[in-house]
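Down below is the structure, laid out as structure tokens.
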Amino acid sequence: AVDVGGLQLDAATRRVRQDGVEIPLTTREFDVLEFLLRRSGQVLSKSEILAGVWDFDFEGDPNIVEVYIGRLRKKLAAPSGASVIETVRGLGYRITSNISNCISPRPAWVRCCTQSTFGCSWIRSRSS
């Protein structure tokens, strides 16, 4: 089992829990999340994710990675809208192990500070 920041993945049963609540995932969503979680904190490019999750001879659109990252973000988003999957612009994606200090002074925006980034950033709240 892999446990990162309240997210538990059990490869044997292929189940994912977030803060004790089971999150239903498709087979491919599970595979992408497992790949990211086992490399928590590392920045992984789309091509690395494709090579690690899809068949070596995959000939489809590499943007399929973005589709699955988007689906996982929606399913795993905190109530504030913050995501455990962080985009590192121009490089790829990484798991953010701790989303903390999220405050919402404006209804449509949330300011979040994470362990894996320098400083804090404003993100659009999921509820807006």
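Things worth noting here:
- Rough spin-label spacing in nm, given labels placed 7 Å along Cα→Cβ, for residue 71 and residue 55: 1.8
- For the range 1-86, diffusion coefficient by Stokes-Einstein and Kirkwood Rh (Cα), 10 °C, 1.306 mPa s, µm²/s: 119
- Extension gain from residue 39 to residue 10, taking 0.36 nm per residue of separation minus the Cα-Cα distance: 8.9 nm
- In this view, the solvent-accessible surface of residue 29, computed with a 1.4 Å probe and all protein chains in place, comes to about 10 Å².
- Packing order of peptides 45-52, 57-64, highest average first: 45-52, 57-64 (average count of other Cβ atoms within 10 Å over each peptide's residues).
- Ordering of 69-78, 10-19, 30-39 by packing [mean C-beta count within 10 Å, highest first]: 30-39, 69-78, 10-19
The values are calculated or read from the model by the stated rules, or taken from the named source; none is laboratory data. Note that the structure is predicted; figures quoted are calculated from it, not measured. Methodologically, a virtual Cβ is constructed for each residue, glycine included, from the backbone with ideal geometry; neighbour enumeration extends over all protein chains shown. To get the accessible areas, we keep the full protein, side chains included, count just its heavy atoms, and leave off ligands, DNA and RNA. Shrake-Rupley method; radii C 1.70, N 1.55, O 1.52, S 1.80 Å.
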